[in-house]
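Below is one structure, written out as structure tokens; comments come after it.
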Ligand SMILES: C[S@@+](CC[C@H](N)C(=O)[O-])C[C@H]1O[C@@H](n2cnc3c(N)ncnc32)[C@H](O)[C@@H]1O
């Protein structure tokens, strides 16, 4: 498993572009923050919290959680937007989820970063944290040119697999290739809106 804490300590964070995911901005333009309910919204694997702050600027209470304490400490040092908070924790750990509930989850490069064997646990964790009718919305990094067994992270993700992994608990409401992307990710991402069954 990748030592995420060490990556942040060593400054080896090529995934961090210093700004929120362009597909998040596109999703907010298309659907508005109302899609995510009144909050709190959870951002698992939030890193330095760029997406967290954009969601908080929309007036939503937002919780960013990340395994890496250094990422969380840096996120807290950046200028706050509004009602956002950060926690060091493991989203896949039932103890972290105990007693929590969210009106939505925003996913961005956490799903593709975890070991593929843990994907079912990711979907189960998301399902546990959302009541029926609530939304799991995410931009999923697709790597169509990767061989299935190629080592990651990021690990290979396909749209078909996403629908299979989340389908037990979620209905797919919409999915599209975002027009807005970080340089180099154009055409390699998929935004999906899943509604909790
Ligand atoms: C590729 S990075 C993406 C970070 C951030 N979303 C971004 O785009 O800048 C993946 C992040 O997920 C975090 N992570 C991995 N597994 C996690 C888990 N089970 N619970 C919480 N965070 C996790 C890592 O520490 C890392 O910060």
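Of note:
- Evaluated over the Cα positions of the stretch 85-197, the convex hull gives a direction-averaged projected area, one quarter of its surface, of 7.6 nm².
- Mean Cβ neighbour count within 10 Å, used as a protection proxy, ranking 152-158, 175-181 highest first: 152-158, 175-181
- Modelled spin labels at residue 69 and residue 29, positioned 7 Å past Cα toward Cβ, are 4.1 nm from each other.
- Given their separation in residues at 0.36 nm each and the Cα-Cα distance between them, residue 76 and residue 161 gain 27.2 nm when the chain is fully extended.
- Zone of residue 174's modelled label, taken as backbone nitrogen in the stretch 98-124 under 16 Å from a point 7 Å along Cα→Cβ: 105-107
- Equivalent-ellipsoid semi-axes of the chain, from the Cα gyration tensor, Å, largest first: 21, 21, 18
- In this label model, residue 1 and residue 17 are separated by 2.8 nm, measuring between points 7 Å along each Cα→Cβ vector.
- One Cα centroid belongs to the stretch 80-123, the other to the stretch 159-176; the line between them spans 18 Å.
- Measuring nothing but alpha carbons in the stretch 1-82 and taking Rh as the Kirkwood radius, the Rg to Rh ratio lands at 0.99.
- Label-point gap, in nm, between residue 90 and residue 145 - each point 7 angstrom along Cα→Cβ: 3.5 nm
Every number in this text was worked out from the coordinates using simple rules, so none of it is lab data. All values reported here derive from a predicted model rather than from experimental measurement. Positions of Cβ are backbone-derived with ideal geometry, glycine not excepted, and every protein chain shown enters the neighbour counts.
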